[in-house]
1. Highest first, please rank the peptides 150-156, 194-200 by the mean number of other Cβ atoms sitting within 10 Å of their residues.
2. Taking amide H positions as placed in the peptide plane 1.01 Å from N, state which residues far from LEU97 in sequence (5 or more) or on other chains have amide H under 5 Å from it.
3. Tell me, what HN-Hα J-couplings in whole Hz come from the Karplus equation 6.51 cos²θ - 1.76 cosθ + 1.60 at θ = phi - 60° for each residue of the range 59-64, using x for Gly and Pro?
4. Could you sort 121-127, 271-277 so that the peptide with the highest average Cβ count within 10 Å comes first and the rest follow in order?
5. For the range 233-245, take each phi angle, set θ = phi - 60°, evaluate the Karplus expression 6.51 cos²θ - 1.76 cosθ + 1.60, and give the result in whole Hz per residue in order, putting x for glycine and proline.
6. Which one, PHE187, VAL311, PRO23, projects farthest toward the positive side of the charge dipole computed for the range 10-311 from Cβ point charges (K/R +1, D/E -1)?
7. Given R₀ = 51 Å, FRET efficiency for ARG325-ARG73 by Cβ-Cβ distance, to 0.05?
8. Toward the positive end of the charge dipole of the range 42-187, about the Cα centre and with charges on Cβ (Lys, Arg +1; Asp, Glu -1), which of TYR75, VAL152, HIS178 goes farthest?
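What follows is calculated from the coordinates using simple rules that are stated; it is not laboratory data. Quick caveat: nothing in here was measured; it's all calculated off a predicted structure. In this analysis, Cβ positions are derived from the backbone assuming ideal geometry, glycine residues included, and neighbour counts consider all displayed protein chains.
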Amino acid sequence: MYHDHPLVAHSVMTKVIECVLGPSYFYHRRLIEASKGWSVKEIREYQETRFQRLIRRYGDEITQKDDYRRNLRRYTHWNVPPLAHTVRTGGTSGQPLTFQADTFARRQKERAYLFDIWSQIGYAPGDLRVCYRGEIHGGLVRFDRFENAWLVSPGATLEQELGRLRQWLRTVPPFFLHVHASSLFTFIDLVGESLFRSLPIRGVIAGSEAFPVAEQQRFEQEFGIRVAHWYGHSEYAALAYCCRECRGFHFYPTYGHVEFLPSETEDCLRVIASSFNRIGTQFVRYDTGDLAVAPAGSCTVNHFSRADAIVGRVGETFVDSSGRRRSLFGYIFGDEKSVLWDQIRDLQVVQEKAGRLRVRLVVNPGVDRDQIEQIFERRMPMVSLEFEYVPSIERSPSGKRRYFVDAMEEDTSGSYH
Ligand SMILES: [Zn+2]
């Protein structure tokens with residue numbers, strides 16, 4: 001472990017980081033700024049031109065994940081290396097997907113939008129972050145120089161390592177804490193609330209999964225730390241930031257096209273997204289599997305499309321061998337680039353007993369089961385795992401696949417079937 005000097009020459013650092021980001025980053029940053037002043041008509045014009053181009057090329061049918069699985073080439077434009085590369089997603093529904101993405105522009109575009117979201121709590125490109133999310137290799141804590149971020153490995157936060165983690169945290173200069181929404185509370189629990197309160201945390205960056213507004217506000221009031229939260233998904237077709245004024249989600253009109261269509265779930269709309277990228281897989285009227293609540297009031301901040309809430313993505317927690325509650329999301333879906341997603345078609349995790357998880361897997365033919373099990377065991381040494389290979393995983397009555405079943409809780413409430 002070594003210490004860098006992240007706060008030294010901060011503005012120089014910001015400029016250096018931005019230079020590395022390249023032309024797409026600056027293009028999108030300018031576009032984001034401009035779009036915030038656009039009228040409803042200007043937004044519609046920008047979106048329609050791009051949306052109609054997609055419809056002309058691919059038709060106007062609503063598409064599902066399976067359409068891209070079966071017909072990836074049909075939906076992929078300019079699939080020429082090195083212009084495009086393969087992206088694998090674990091997907092929050094537990095059903096992985098592989099597609100092609102723009103090698104050069106995508107990362108820069110993502111950065112432009114994420115930095116805009118994070119800037120709402122005072123983040124500037126290059127500011128120091130401590131990340132507690134995903135699968136991190138190389139021990140409990142390591143420093144990523146390019147990201148200017150300390151990466152804390154959730155898989156390494158075993159009981160006997162917590163003292164070292166706490167000691168190290170006391171030495172970190174002011175930082176933004178980057179977590180999955182539900183692992184924020186796991187993190188507080190791991191380091192202890194009084195130490196957490198004493199840390200120089202400038203803000204919390206929490207995306208990737210649902211973070212109910214009431215919970216966000218309670219956290220902000222209780223700890224005096226602001227939260228940046230957003231809704232996005234691994235197919236990169238829609239992105240919305242959680243607005244500090246109306247506490248709803250504003251969809252960036254220049255990122256992708258979003259439609260809200262009726263669903264079978266009461267008061268909820270399906271989020272249908274079309275991507276604006278020119279290279280790689282183009283998602284067209286793609287059913288994201290997520291549900292939104294239509295906005296009740298208006299918001300004066302800008303004219304972006306809005307939703308009051310995004311539902312259908314819930315942060316679930318399990319109980320480890322020491323009796324500690326941890327968010328499952330990060331452990332299972334934290335590393336979307338893992339070879340795991342080439343081998344697994346579907347999965348579900350069931351907890352019937354504290355300290356024990358049953359991992360139900362639908363795998364591709366001919367996969368190496370030992371390798372799959374080893375990957376999970378490496379990621380989750382704090383709980384004992386049992387593996388079950390099944391032909392398919394049942395869907396819930398609403399059509400949603402539950403990736404986590406907490407049978408302990410449901411047993412006591414009597415609602416588990
Ligand atoms: Zn708003």
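1. Per-residue mean Cβ counts within 10 Å order the peptides as 150-156, 194-200.
2. Placed amide hydrogens put THR89 under 5 Å from LEU97.
3. x, 10, 5, 6, 10, 10
4. Output ranking for 121-127, 271-277: 271-277, 121-127.
5. Working through the residues one at a time gives 9, 5, 7, 6, 9, 9, 8, 9, 9, 7, 7, 6, 7 Hz.
6. PRO23
7. Details: r = 44 Å, r/R0 = 0.86.
Result of the calculation: an efficiency of 0.70.
8. Farthest along the dipole direction, towards plus: TYR75.
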